[in-house]
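The values are calculated or read from the model by the stated rules, or taken from the named source; none is laboratory data. Small disclaimer: the values here were computed from a predicted structure and weren't measured. Positions of Cβ are generated from backbone atoms using ideal geometry, with glycine treated the same way; all protein chains shown enter the neighbour counts. Each accessible area value is taken on the protein alone, full model and side chains, heavy atoms only, with ligands, DNA and RNA left out. Shrake-Rupley method; radii C 1.70, N 1.55, O 1.52, S 1.80 Å.
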Amino acid sequence: SRVLKECEATGGSQLLRIRQVWNDIVDAGIRENAQPAAISKTTLLVHVSSSPWMHQLQFLKKDILSRLKAELTTPVLEDLLFKIGPL
């Protein structure tokens, strides 16, 4: 809950840009089951639809983070946090 509160305090324009990039770098299956929800400092909180998707995304985390970093100039993301939540 601490991370979520920190994330909610961050400006929406950064998150909007991340969501645009997210939709370009992940495939349709991931887009339907996982969406960026908030950002706090260098951590992106991603809401996922279920535990199996959360588990699967842990395996893809490094690749997704690398793709995000390549597309974004700011903010610099260092970590992804997956949590079951509303899409």
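Would you calculate the volume per residue, in Å³, of the smallest convex hull containing every Cα atom of the chain?
About 84 Å³ per residue, rounded to a whole number.
What does the helix-only formula give at 222 nm for the chain: each DSSP H stretch with n ≥ 4 adding -39500 (n - 2.57), the total divided by the residues, and the result rounded to the nearest 500 deg cm²/dmol?
-17000 deg cm²/dmol
With all protein chains present and a 1.4 Å probe, how do ASP24, ASP63 order by accessible area, largest first?
ASP24, ASP63
Please report, as a whole percent, how much of the solvent-accessible surface of the chain comes from carbon and sulfur atoms (probe radius 1.4 Å).
53 percent
Return the distance in nm (one decimal) between the two label points of a simple spin-label model at ILE25 and ASP79, each offset 7 Å from Cα along Cα→Cβ.
1.8 nm
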